[in-house]
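I have placed the structure first, in the form of structure tokens, so that the comments after it can refer back to it.
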Amino acid sequence: MSSSDITVSEMQLIENLIQGDRSSFTIIYKKYWYKLFLIANRRLNDKDISEEIVQEIFVQLWEKRGILQIQSLENYLVRSIKYAVIDHIRSQIVKDNYISYYKTFLDQEESQTENLVDVNDMTIFMEKGLKSLPEKSQEVFRLSRMENWPVIKIATHLQLSEKGVEYHITKSLKTLRIYLKDFVAILFIYFII
């Protein structure tokens, strides 16, 4: 769509949105919400997740309205929803691989040992390690390792430098290594006793 195809009302909506006009945002929300929901739900086949992703697109639109350069609302929103769906699918694949790996690991170990500690215990242990981190480091780690966001996207989203994001990831990994080292020690003691 060329910029000459954009209606004056859409251009005015964009300008009003940039200036923080809530009524323009509401018009945009009502006009595009269902279309974005259909796109997300067609790919994900999950109404709740699709609704969450669409909501997040609109939250980001509002929060970043002053820095966005939008030529066409529809093109911008459709591209945003497609990228958000891809990111969600990618993060699900990472989670599924993680769970599958540990289930396989547990299945192999279970044949050797009757009372193997549950994956949930490791998750709880990892959560304790994460909670010991500063809030910003927790958020960076979750986006990086659990949501599979690239460093540049995290930096933009959290308004940090790329080096700052890398610092938080490194700090988080060091802390989690310490917590998981303790977890391994507990497993060792558990199996000896």
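Every read-out reported here was derived from the displayed coordinates using simple, explicitly stated rules and does not represent laboratory data. Owing to the predicted nature of the structure, the values given are computational and were not obtained by experimental measurement. Cβ sites come from the backbone with ideal geometry, for glycine too, and all protein chains shown count toward neighbours.
What ranking do 65, 22 get, fewest neighbouring Cβ atoms within 10 angstrom at the top? Don't skip to the end; give the middle numbers.
On the way: 65 18, 22 11.
With the fewest neighbours first, 65, 22 line up as 22, 65.
Sort 57, 49 so that the residue with the fewest other Cβ atoms within 10 Å of its own Cβ comes first and the one with the most comes last. Please list the in-between numbers first.
On the way: 57 21, 49 15.
So the ranking, lowest neighbour count to highest, is 49, 57.
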